[in-house]
Amino acid sequence: MYYDQLPSTKTITIKEDSTFGLFAKAHNTYNIVINVNDNVTFNLYTLITCIDGNSDIKIHINCSSDTKINIVSKNFAGEKGKISFTSAIEIPKWKKVVDASMDIKNYLLHTTSEISANPDLWIYSKDVSCKHGCTISTFDSNQLFYMGSRGIENTKELLVTGYIQNILDKFPAPKHLMFKRNINHVQELFSSI
C-alpha cells in the first residue's frame with residue numbers, strides 16, 4: 001500500500017493500491033479529479049479546518065472495474081469559518097465489481113460556523129456495492145456535561161483532538177508525523193471553541 005499526501009494537481013490517476021490524505025485550511029480551494037484504475041484499492045482521508053474565511057473543496061472520483069474506494073472526511077468550521085465540501089464517486093455503466101463508501105462528518109465549532117457538504121454517488125452500473133453518509137453536528141451538551149462531571153477539563157479540545165487523531169492514525173508513523181506538522185494550525189481551532 002502506498003501512502004502520501006494528495007498532490008495539488010487537477011487530475012490524478014491511481015495505478016496501485018493507495019491511501020492519500022488531503023489537509024486543507026481557510027482560503028484553500030481544491031478541484032481535483034481522481035481516476036482509479038482497474039483492480040485498485042483507494043482510500044482518501046480528508047481533514048479540513050477553517051477558522052476564519054472560506055474553504056472550497058471539490059473531489060470527483062472516477063471508478064474502474066474491480067475497485068474499492070473509501071472516502072472519510074472530517075471538516076471543522078470555527079467562529080468565522082465557511083466550508084463547502086463536495087465529494088463525488090462516479091461508476092460508469094460498463095464498470096463491474098466496485099465497492100465504494102463515503103463518510104463525511106462535519107463539525108460546527110461555533111454558532112456562526114457554516115458548512116455545506118455534498119456527498120454524491122453517480123452509479124450507472126448494477127454490479128456495485130455503494131454507501132454514503134453525511135452528518136453536520138455541534139458539541140453534544142450531554143456529552144460535555146458528562147465529561148465535565150468526571151473532572152475532565154477542556155472537553156471540547158479533547159474531542160476535536162480525538163477526531164483529528166482518528167484521521168492521522170490511518171497513516172504509518174513517518175507520514176503521520178509529516179501530516180501532523182502540516183496541520184499545526186489546528187491549535188487555532190481551539191481559540192474559536
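Summary of values
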item: Conditions (1) under 16 Å from the mean Cα position of the chain (by Cα); (2) open to solvent by 40 Å² or more (accessible area, probe 1.4 Å): number failed by residue 10; result: (1)
item: Which listed residue is assigned to a helix (DSSP H, G or I), modelled with pLDDT of 85 or more and either among the aliphatic types (A, V, I, L, M) or surrounded by fewer than 17 Cβ atoms within 10 Å (Cβ to Cβ) (or both), from 159, 189, 177; result: 159
item: Filtered residue count, segment 31-69, keeping only those that are open to solvent by 10 Å² or more (accessible area, probe 1.4 Å), of a type outside the set (Gly, Ala, Ser) and modelled with pLDDT under 90; result: 2
item: Segment 92-117: number of residues that are closer than 17 Å to residue 22 by Cα and exposed (fewer than 15 other Cβ atoms within 10 Å of the Cβ); result: 0
item: Members of segment 1-40 that are outside any loop (DSSP other than H, G, I, E, B), without any contact (Cβ under 8 Å) to a residue 40 or more places away in the chain and of a type in the set (Val, Ile, Thr); result: 11, 12, 13, 14, 29, 32, 33, 34, 36
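The values are calculated or read from the model by the stated rules, or taken from the named source; none is laboratory data. In this text the structure is predicted, and so the values were computed from the model without any measurement. Because the Cβ atoms are built from the backbone with ideal geometry, glycine has one as well, and the counts that use them run over all protein chains shown. For the accessible areas, the whole protein counts, side chains as well, though only heavy atoms, and no ligand, DNA or RNA atoms are used. Shrake-Rupley method; radii C 1.70, N 1.55, O 1.52, S 1.80 Å.
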